[in-house]
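Everything below concerns the one structure shown next.
The values are calculated or read from the model by the stated rules, or taken from the named source; none is laboratory data. Not measured: the values here are computed from a predicted model. Please note: Cβ atoms are built from the backbone with ideal geometry, for glycine as well, and neighbour counts cover all protein chains shown. Each accessible area value is taken on the protein alone, full model and side chains, heavy atoms only, with ligands, DNA and RNA left out. Shrake-Rupley method; radii C 1.70, N 1.55, O 1.52, S 1.80 Å.
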Amino acid sequence: MSGDSGGSASGDAPGAMDARWSQVAQRHYDPDGDADLTTVIVFAVAEAEGVDPADLTSPPLYECVDAAAIEDAFFGSDVFGASRRGTDTVEFRYIEYLVRIRSDGWVQVYARADADSPE
Amino acid sequence: MDNPDPNDGAASDALPAEDALALSPDVLELDPVYEALGHPRWRYLCYTLLEDDEWSLTDLATKVAAWEHGVSAADVTDCQRERVYVSLYHAHVPKLVDEGVITFDETTERITAGEHAEQVLAALRGMGASLDSDQEAHARADE
């Protein structure tokens, strides 16, 4: 069920380094903090969207990606040493944003550069 | 066809879907039980269903935040509640809905037991006393 709305594995999915995408928000996820990865992603997208996180309801993130599975893979208690310090990334599309999760904990939200800029 | 069943010689041209249907329903129904036990928040949500069979998402978020922060429900801050609410809404609730353990009414934001809830609750009743008793006691406490 996860990833079917556009993961980085698919050949024609835009990568975050593509010039057509520009970063509009980022938040840091701390495995020892009290916000899980799902919450950090939704807060970051809400910031990009300019809304309260509780008002970002449709669709649920779960319909785009299994964030709990990414959290486990990147930050789970059985991930040690070099793997944890590496910079693997996962990208997926959510609403009109491209969300990039880095294994160093940074959650970056990109919007299409040709879309109207809020600033 | 990718995984031919060695016990299935005579009917080797059966479609995979038919192979799946031939499994005992009892076996298939264990999957949602194992899935639903795999995350502390999922177990917590299941325990709360043991206490009361209908919850609002906001009340559940308050209860989970109280448990995770070790405070009473009255002392949960708006910020703590919102973080848990967002996580439940965007990940944990739809996951358990997928597994048939709970149902969620998006309009009223009410959560009730789903078709597989009884199996999960039965498993929790069996293991809760020794493994998860603090969490179960908190989830079932009337605050």
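Please enumerate the residues belonging to segment A:46-71 that are facing another protein chain (nearest Cβ under 10 Å), in contact with a strand residue (DSSP E or B) (Cβ under 8 Å, 6 or more places away or on another chain) and in contact (Cβ under 8 Å) with a residue 60 or more places away in the chain. The answer is A:C64, A:V65. Tell me, yes or no, whether segment B:50-73 has at least one residue that is touching a residue at least 60 places away in the same chain (Cβ under 8 Å), small (G, A, S) and more than 14 Å from every other protein chain (Cβ to nearest Cβ). Yes: one or more hits. Per the conditions (1) surrounded by fewer than 24 Cβ atoms within 10 Å (Cβ to Cβ); (2) modelled with pLDDT of 90 or more, the sole criterion not satisfied by B:E29 is (2). Checking each residue in segment A:88-116 for being at pLDDT below 80 and either farther than 21 Å from A:L56 by Cβ or touching a strand residue (DSSP E or B) at 6+ places or on another chain (Cβ under 8 Å) (or both) picks out only A:D114. Taken together, A:F75, A:F43 contain a single residue that is at pLDDT below 90, open to solvent by 10 Å² or more (accessible area, probe 1.4 Å), under 20 Å from B:V84 (Cβ atoms) and aromatic (F, W, Y), which is A:F75.
Among the residues of segment A:35-42, is there at least one that is under 24 Å from B:F104 (Cα atoms), free of Cβ contacts under 8 Å to residues at least 40 places away in the same chain and either more than 7 Å from every other protein chain (Cβ to nearest Cβ) or touching a His at 6+ places or on another chain (Cβ under 7 Å) (or both)? Within segment A:35-42 (the criterion being under 24 Å from B:F104 (Cα atoms), free of Cβ contacts under 8 Å to residues at least 40 places away in the same chain and either more than 7 Å from every other protein chain (Cβ to nearest Cβ) or touching a His at 6+ places or on another chain (Cβ under 7 Å) (or both)), the answer is yes, since at least one residue qualifies.
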